[in-house]
1. Would you please name the residue that is nearest to A56 (Cα to Cα), looking only at residues in region 11-39 that are touching a Lys or Arg at 6+ places or on another chain (Cβ under 7 Å) and exposed (fewer than 14 other Cβ atoms within 10 Å of the Cβ)?
2. Step by step: first the residues of region 48-70, then only those that are under 12 Å from M37 (Cβ atoms) and in a strand (DSSP E or B), then the one that is modelled with the lowest pLDDT. Which residue is that?
Amino acid sequence: MTSAGQTQPDETELNVSIAKEYFRRADAGRADLLDLMTQDVQLYFPKFGVARGRQAFREVAAGLGGVFDWVEHDSVRTTSSLQPATSSWKALRAAR
């Protein structure tokens, strides 16, 4: 419990909040998007395959910029389903 008597968010709630913040920043085109990721970030996008690391993420994002004029995620109707935390998520939470 926190000092205000509230319980701290559980792991799932924290992961969902990070994912939602990722989509908010991505939709806004914010440069601090990478601040949500660890150095060993991994992502998959069908056109590019698997990419690892922040620099690879930048390259994928730049490639997508040439494909899409804009991107907007529907955060109101989005639902979340998470797997158990990986070491990358744990490291990110520890850094926050």
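The values are calculated or read from the model by the stated rules, or taken from the named source; none is laboratory data. All of these numbers come straight from a predicted model, not from anything done at the bench. With ideal geometry, Cβ positions are generated from the backbone for all residues, glycine too; neighbour counts draw on all protein chains shown.
1. Looking at residues that are touching a Lys or Arg at 6+ places or on another chain (Cβ under 7 Å) and exposed (fewer than 14 other Cβ atoms within 10 Å of the Cβ), I get Q39.
2. A51
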